[in-house]
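Asks: The structure follows.
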Amino acid sequence: MFLVYALFGVLCLGLAPLFGKTALNSVSPLTALALRTVIAAALILGWMISSRAFTELHHLPASFWLIITIEAVLAAILGDMAYFYALQNGSIHEVSVIMSCAPLITIIAGHFVYHDMVSVHQLIGALLITTGLVIISIE
C-alpha cells in the first residue's frame, strides 16, 4: 500500500509546480506561500474535525511538539520559501530537478541520525541519480 501512496505523492508533487509557477507570475513568493499554507491548514483542520483526530492532540508530549516544530520550520517554511523563490526566478524544469536531489540529503542524514543501513550499491545509485538529475538540468 505504501507504493500506491508514494506514487500518488509523486503525481501530486510533480503537478504542483505547474500551478505554483503560474501563481508566482502575479504575486510574491511570500504571499503565495502564506495563502497556500492557510488553505492547506483549513483543509487539514476540516479533515481532523471530521475524523475526530483532534482528540489525539491532548496526549502529545512536549518533545513531539518540539520535533514537529523543527520539521515545520525546515520543510513548510524555509524549504518551501526557498522553493517558491527558485520557482519564481528559475525555469520550472531546473527547479524541479534540483529539488529532486533532496532525498540524497535524507539518505545521508538518516544514516547518521537513525543509523539506517545504506549499502554501497544504494549510495552509488543515489549519487548516480542525483548526478543524472543535475546533468539533465544543465542547458
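Read-outs: derived from the displayed coordinates by stated rules, not from any lab. No experiment lies behind these values; they were computed from the predicted model shown. Here the Cβ is made from the backbone with ideal geometry for all residues, glycine too, and neighbour counts use every protein chain on show.
Asks: Only residues that are more than 22 Å from Gly79 (Cβ to Cβ) and exposed (fewer than 12 other Cβ atoms within 10 Å of the Cβ): list them for region 93-124, please.
Replies: Correct list: His115, Met117, Ser119, Val120, His121, Ile124.
Asks: Taking only pairs six or more apart or across chains, which ones have beta-carbon atoms under 9 Å, a first residue in region 42-66 that is free of Cβ contacts under 8 Å to residues at least 24 places away in the same chain and surrounded by 10 or more Cβ atoms within 10 Å (Cβ to Cβ), and a second residue that is in a helix (DSSP H, G or I) and not aliphatic (A, V, I, L, M)?
Replies: Leu45/Phe54; Met48/Phe54; Met48/Glu56; Ala53/Trp47
Asks: So is Val97 out of contact with any Lys or Arg (no Cβ under 7 Å at 6 or more places or on another chain), assigned to a helix (DSSP H, G or I), touching a residue at least 24 places away in the same chain (Cβ under 8 Å) and β-branched (Val, Ile, Thr) or not?
Replies: Considered against the rule, which asks whether it is out of contact with any Lys or Arg (no Cβ under 7 Å at 6 or more places or on another chain), assigned to a helix (DSSP H, G or I), touching a residue at least 24 places away in the same chain (Cβ under 8 Å) and β-branched (Val, Ile, Thr), Val97 comes out as yes.
Asks: Oh, and also: Just give me the residues in region 21-40 being surrounded by 12 or more Cβ atoms within 10 Å (Cβ to Cβ), part of a helix (DSSP H, G or I) and either in contact with a helix residue (DSSP H, G or I) (Cβ under 8 Å, 6 or more places away or on another chain) or among the charged types (D, E, K, R) (or both), in sequence order.
Replies: Within region 21-40, Lys21, Ala23, Pro29, Ala32, Leu33, Arg36, Thr37 qualify.
Asks: Oh, and also: If you go through region 15-31, how many residues are farther than 16 Å from Gly90 by Cβ and in contact (Cβ under 8 Å) with a residue 40 or more places away in the chain?
Replies: Residues meeting the conditions: 1.
Asks: So in region 78-92, with the set limited to residues that are surrounded by fewer than 16 Cβ atoms within 10 Å (Cβ to Cβ) and in a helix (DSSP H, G or I), which one is farthest from the chain's Cα centre (by Cα)?
Replies: Applying the filter and picking the extreme gives Asn89.
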